[in-house]
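Asks: One structure coming up, written as structure tokens, with questions to follow.
Computed from the coordinates by the stated procedures, all read-outs in this text should not be read as laboratory data. Since this is a predicted model, take the numbers as computed values, not measurements. Here the Cβ is made from the backbone with ideal geometry for all residues, glycine too, and neighbour counts use every protein chain on show.
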Number of protein chains: 2
Amino acid sequence: MFELHPRLQQDCIALGRFSLCRLLLMNDSHYPWFILVPERAGVTEIFQLPAAEQQQLLQESSLLAQTLATVFTADKMNIAAIGNLVPQLHVHHVVRYKTDAAWPAPVWGFTGPTPYDKQALAILQIRVASALGDALCRLP
Amino acid sequence: MFELHPRLQQDCIALGRFSLCRLLLMNDSHYPWFILVPERAGVTEIFQLPAAEQQQLLQESSLLAQTLATVFTADKMNIAAIGNLVPQLHVHHVVRYKTDAAWPAPVWGFTGPTPYDKQALAILQIRVASALGDALCRLP
């Protein structure tokens, strides 16, 4: 049975779910940083998913990336499945700006997180939920 | 018309092509590090490709990742589309070991490259070409 890895639970805020993946927000206000986690137990690599679920992951990833690029006027999207520390398959979607703290370096390991304050988090959640519309379901 | 970005040309060795993507080897013997570049001009994000080409990219990526994981007995595959320095869409496929130079950090920006020597490069090319078989076409 699928259970979110404790490290993702600790570092992220759950925003909802798509058909296959749970959508998380990394609680680090340096960058709009989202994570898709396919709700499948024991999977560590994309190629381990059945072909139809790989395609579903791709669709959810592209919808998310395109929406974030538009909503946040990204200079670049960084999309990555790394998982050296958290083996549970999860795909980062990070909105990057040429003016952000880490640019042009990748964000992983660059600096410690700065959590969102309540108001900034509420505004961000509304923007993202509104842009994704019906594709995103609320968590129970 | 598609032309490989000069930085990729400089840093990599072309190994062949799949149906959509050119397959490159990063000339850095720290890690077996491969790059897929869809042969499409002016594309910087996966979501900019037509849906059928996104699926083709996914298929080539999963075939490559699974093959590399097997051939090199990877502890983890790291797969990423970053492109902060080289905007031309390209997808990294890096074989990672718990004993490699950067583990558990990502490889980008970790250390300068150590180019392959001729013999190591020849052996690696034969292993990869043999494992990928007919899926990989030679470059002209």
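Asks: Out of segment B:92-125, which residues are within 13 Å of another protein chain (Cβ to nearest Cβ), in contact (Cβ under 8 Å) with a residue 60 or more places away in the chain and touching a Leu at 6+ places or on another chain (Cβ under 8 Å)?
Replies: Those that are within 13 Å of another protein chain (Cβ to nearest Cβ), in contact (Cβ under 8 Å) with a residue 60 or more places away in the chain and touching a Leu at 6+ places or on another chain (Cβ under 8 Å): B:H93, B:V95.
Asks: Moving on. State the number of residues belonging to segment B:27-49 that are within 11 Å of chain A (Cβ to nearest Cβ) and either assigned to a loop (DSSP other than H, G, I, E, B) or charged (D, E, K, R) (or both).
Replies: 3
Asks: Please verify whether A:L24 is in contact with a Leu (Cβ under 9 Å, 6 or more places away or on another chain) and either within 11 Å of another protein chain (Cβ to nearest Cβ) or surrounded by fewer than 20 Cβ atoms within 10 Å (Cβ to Cβ) (or both), treating the condition exactly as stated.
Replies: It is false that A:L24 is in contact with a Leu (Cβ under 9 Å, 6 or more places away or on another chain) and either within 11 Å of another protein chain (Cβ to nearest Cβ) or surrounded by fewer than 20 Cβ atoms within 10 Å (Cβ to Cβ) (or both).
Asks: Next question, about the same structure. State all residues of segment B:85-121 that are surrounded by 11 or more Cβ atoms within 10 Å (Cβ to Cβ) and in a helix (DSSP H, G or I); if no residue qualifies, say none.
Replies: B:A120, B:L121
Asks: Let me ask something else about it. Could you check A:A65 against (1) within 13 Å of chain B (Cβ to nearest Cβ); (2) assigned to a loop (DSSP other than H, G, I, E, B); (3) not charged (D, E, K, R) and say which number it fails?
Replies: Condition (2) is where A:A65 drops out.
Asks: If you go through segment A:47-55 one residue at a time, do you hit one that is touching a residue at least 12 places away in the same chain (Cβ under 8 Å), buried (at least 20 other Cβ atoms within 10 Å of the Cβ) and touching a Leu at 6+ places or on another chain (Cβ under 7 Å)?
Replies: no
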